[in-house]
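This report refers to the structure that appears directly beneath it.
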Amino acid sequence: MTLLNFGAKPNGASFIVAGVFTLITIISVCYSLAIYLYRSQAIRNQKVARYYDKWGPSALCVSLLAGVLLNFSFEGRERNLW
C-alpha cells in the first residue's frame with residue numbers, strides 16, 4: 001500500500017497497482033506457509049518428500065515482474081510519457 005505515496009497524488013491506478021502487489025504478497029505468504037508445513041511434516045515423519053520446486057519460485061518472479069511492469073506503465077501514463 002506504500003505505492004500510493006510514490007505518485008503525485010493517489011488515483012485509481014495507484015489503488016489497482018497497490019492491490020495487485022498486496023494480492024501477490026498474500027499469495028506468496030500462503031504458498032510459503034504451505035510448503036513449509038509440507039516439508040516439516042515430511043521431516044518429522046521421516047518420509048521422502050519432494051524438496052525441489054520448479055513452479056513456485058518461477059511463478060512468484062513472473063507475478064512480481066508483472067506487478068512492477070503494471071506499476072511502471074500506470075506511472076508513465078500518469079506522467080504523460082506515452
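Bear in mind that the values in this text are calculations on the coordinates, not laboratory data. This one's a predicted model, so the numbers in the text were calculated from it and none came from an experiment. Cβ sites come from the backbone with ideal geometry, for glycine too, and all protein chains shown count toward neighbours.
If we sort 12-23, 59-70 on the protection proxy, mean other Cβ atoms within 10 Å, highest first, what's the order?
Numbers: 12-23: 15.6, 59-70: 13.3.
For the peptides 12-23, 59-70, the packing ranking is 12-23, 59-70.
Rank by packing, highest mean first: peptides 31-39, 50-58, with packing defined as the count of other Cβ atoms within 10 Å averaged across residues. Walk me through the numbers on the way to the answer.
Working: 31-39: 12.0, 50-58: 9.2.
Listed from highest to lowest mean packing, they are 31-39, 50-58.
Size check on the chain: the Cα extents along the three principal axes, sorted descending, read 58, 20, 13 Å.
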